[in-house]
1. Take residue 246 and decide whether it is of a type outside the set (Ser, Thr, Tyr), open to solvent by 50 Å² or more (accessible area, probe 1.4 Å) and at pLDDT 80 or above.
2. Restricting attention to segment 333-351, which residues are surrounded by fewer than 20 Cβ atoms within 10 Å (Cβ to Cβ) and touching a strand residue (DSSP E or B) at 6+ places or on another chain (Cβ under 7 Å)?
3. Can you tell me which of (1) under 24 Å from residue 342 (Cα atoms); (2) not in a helix (DSSP H, G or I) is the one residue 276 doesn't meet?
4. For residues that are within 30 Å of residue 410 (Cα to Cα), in contact with a helix residue (DSSP H, G or I) (Cβ under 6 Å, 6 or more places away or on another chain) and modelled with pLDDT of 80 or more, tally how many sit in segment 209-243.
5. Tell me which strands (runs of 3 or more DSSP E) are completely within segment 55-158 and hold 1 or more residues being among the polar types (S, T, N, Q) and modelled with pLDDT of 70 or more, or say none if there are none.
6. Of the residues 203, 222, 217, which single one is closer than 30 Å to residue 277 by Cβ, without any contact (Cβ under 8 Å) to a residue 12 or more places away in the chain and acidic (Asp, Glu)?
7. Looking at residue 265, is it open to solvent by less than 40 Å² (accessible area, probe 1.4 Å) and aliphatic (A, V, I, L, M)?
8. The conditions are (1) open to solvent by 40 Å² or more (accessible area, probe 1.4 Å); (2) in a helix (DSSP H, G or I); (3) in contact (Cβ under 8 Å) with a residue 24 or more places away in the chain, and residue 193 fails exactly one of them. Which is it?
Amino acid sequence: MAMRPLEKLPSIRAKLGLVIVLAVGMTLVISYLLIGFYLRNSPKDSEAIRTLKIANQAATGQLNLATVSAEIIWRSPDGSVTRIDGAQYSFLPDAYTDGVPHWGIVGNYTFASVPTADGGSVTAMQPSPSRGSLGRISATLGFLQSVWWQFLLAGTIAGVISLIIARWLARGMTQPMRDMAVASRAMETGDYTRRIRTRSRDEVGQLALAFNRMSAELEVLEQSRRDLVANVSHELKTPITAIRAHLENLADGVEEPNPETLQVMLAQTERLGRLVDQLLDLSRLESGEVPLHLAPVALGPLVHRVFSEISVGRSVTDIELRADVSPGVLVEADEERIHQVVFNLVDNAVRFTPPGGTVTVSARPEDRRVEVSVVDTGVGIAPEHLPRLFERFYRADPARSRDDGGGTGIGLAIARSIVEGHGGRITASSEPGRGTVITFDLPAASAAVTTSAPTTADRRATQ
């Protein structure tokens, strides 16, 4: 494919400057032609003055007829006419007897008549092309030829001014694009902190804003990737280190292979297995590889089953588990996945609720959706941590280790992926020292009954 002329230029600024200069040049040429056409008759006054000068020289005997192309007509006092230079023009001006000079343009001729000392007159005549198409073209070209240097000077000045303005405008228009090119090269080295400054609202300004949003997202993703690598490495290293220490002790004979030691090693391997399973589960959920088997699910029985599992599997001291769900509330969802969401949220709430506290799960139908809330009376979360609460491995309290708080830090991220996979949204609100509320919504099943009076199931879980 042949390259277009403008594509050979190396920059947008050069292209824009060339386009403006060409446009100005074409405008000047067309303007000059129109000006020349409409002012083609303006040189006739000068022609009349030159003709009058020739007539005066002829009347005083100072004219060299051999060097003059004009026709000279002599009129004697008695009215006789003598035509010099071959009588080349058929037109003959009127005779003037008032004794004063006369000049003018009649048809295609410029003439001037001056009186002589003997009472006669001398008339000089020259052609003046102004009739017909060829005459107009000739007159136009003649006018342009007479003032070409003025037009050339004006065009040069206009072109220089246009080029300066074009470069100034092009610099302002293309500066964000040059900045984006520099920022893109910085991104190749892993620097996602560059931002483009622009106040323009045109397409270039919109492109700069989109570039800034992309850079911010890439910066967040890069930071998340680094955090993920660091956290996964930490989560894997802790149980591996524990298992290795026990194995070395067993190999050195420091410890005996008793059931207690083997149980500790088994617990660490189970922790590794849970972490790997959750990572794989989260990866599949985020990539959409896990199909959702949607069916009507009754939330009441599901919540009570979660309470039973947490009471049996965890050590919960003096924490009241309360279900505030109407028996007829149904959601259109994958029961296994929603069970996973509720379990993760309740389990997380129990971890951070002190003895004597309460964890409440409630469900409320609302405009073809069902809003589910998990409310605890725990330690709460500082406001600056809420936006990142559902990120993988994020810790609201960095000082708390996984062993202290339990879990791998992936449960909330899995809950978010499952809820969003159902077309819902999960949010968190909290006040330090007064507890946390995590709310998500799911599509209501068509058979949902929302008029039944809510019942409360309280369970005192002990450990």
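The values are calculated or read from the model by the stated rules, or taken from the named source; none is laboratory data. The model shown is predicted, which means the values in this text are computed figures rather than measured ones. All Cβ positions, glycine included, derive from the backbone under ideal geometry; neighbour counts span all protein chains shown. For accessibility, only protein heavy atoms count, side chains too; no ligands or nucleic acids. Shrake-Rupley method; radii C 1.70, N 1.55, O 1.52, S 1.80 Å.
1. Answer is no for this residue.
2. Matches in segment 333-351: 335 only.
3. In the conditions (1) under 24 Å from residue 342 (Cα atoms); (2) not in a helix (DSSP H, G or I), residue 276 misses (2) alone.
4. As a first pass, look at segment 209-243 and keep what is within 30 Å of residue 410 (Cα to Cα): 212-243.
Filter once more, keeping what is in contact with a helix residue (DSSP H, G or I) (Cβ under 6 Å, 6 or more places away or on another chain): 235, 239, 242-243.
Checking which are modelled with pLDDT of 80 or more leaves us with 239, 242-243.
Adding up the residues that qualify gives 3.
5. On the way: elements: 71-75, 81-84, 102-106, 109-115, 121-127.
Passing ranges, in order: 81-84, 109-115, 121-127.
6. The unique qualifying residue is 217.
7. Yes, satisfied.
8. Going through (1) open to solvent by 40 Å² or more (accessible area, probe 1.4 Å); (2) in a helix (DSSP H, G or I); (3) in contact (Cβ under 8 Å) with a residue 24 or more places away in the chain one by one, residue 193 breaks only (2).
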